[in-house]
Amino acid sequence: INRKIFKDIAGRDNGRRRFKDYCDLLDEVDVLTPLLRSQRMELAAYANDLVNFEPGSRVLFQGKVRQKPLWYVIHKGSACVNQTSEGGSRNIAELTRGATFGERSLMRAKTTGQCI
């Protein structure tokens, strides 16, 4: 078996496993429960990839227009949602597996209301 065929076969298997992981994750997303499984599978097929963030790093900034709007689904770990006002910053939520954020900027292309 030559190298190209081996890479195609090995990559295909990995791709199927990743697709199944994405499908399983999207099955846990509350806002997607009204969709049919086949519709969630279609979303999984269009998933960009997993993005890893270092602990404590900010993903979105309150009041900033996003250059590249994305919809994020928590796969592993957690994210804190903070809101800043004149009185300071306060934690308003903690997001865990299956929770989502970033959808508002996809729909409106406006500024973010919280820091995540």
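The values are calculated or read from the model by the stated rules, or taken from the named source; none is laboratory data. Computed from a predicted model, the values in this text were never measured in an experiment. Note that each Cβ is placed from the backbone with ideal geometry, even for glycine, and that neighbours are counted across all protein chains shown. The protein model used for the area step is the full one, side chains on, heavy atoms only, and it has no ligands, DNA or RNA in it. Shrake-Rupley method; radii C 1.70, N 1.55, O 1.52, S 1.80 Å.
Does residue 94 qualify as being of a type outside the set (Ser, Thr, Tyr), within 21 Å of residue 22 (Cα to Cα) and either open to solvent by 70 Å² or more (accessible area, probe 1.4 Å) or in contact with a strand residue (DSSP E or B) (Cβ under 9 Å, 6 or more places away or on another chain) (or both)? So residue 94 fails the test. Could you please let me know if residue 37 is surrounded by 14 or more Cβ atoms within 10 Å (Cβ to Cβ) and out of contact with any strand residue (DSSP E or B) (no Cβ under 6 Å at 6 or more places or on another chain)? Spelling it out, it is not the case that residue 37 is surrounded by 14 or more Cβ atoms within 10 Å (Cβ to Cβ) and out of contact with any strand residue (DSSP E or B) (no Cβ under 6 Å at 6 or more places or on another chain).
Screening the range 40-70 for residues that are under 18 Å from residue 94 (Cα atoms) and buried (at least 16 other Cβ atoms within 10 Å of the Cβ) and picking the one that is modelled with the lowest pLDDT gives 62. Considering the range 73-85, and only residues there that are under 19 Å from residue 27 (Cα atoms) and without any contact (Cβ under 8 Å) to a residue 40 or more places away in the chain, the residue that is surrounded by the fewest Cβ atoms within 10 Å (Cβ to Cβ) turns out to be 76.
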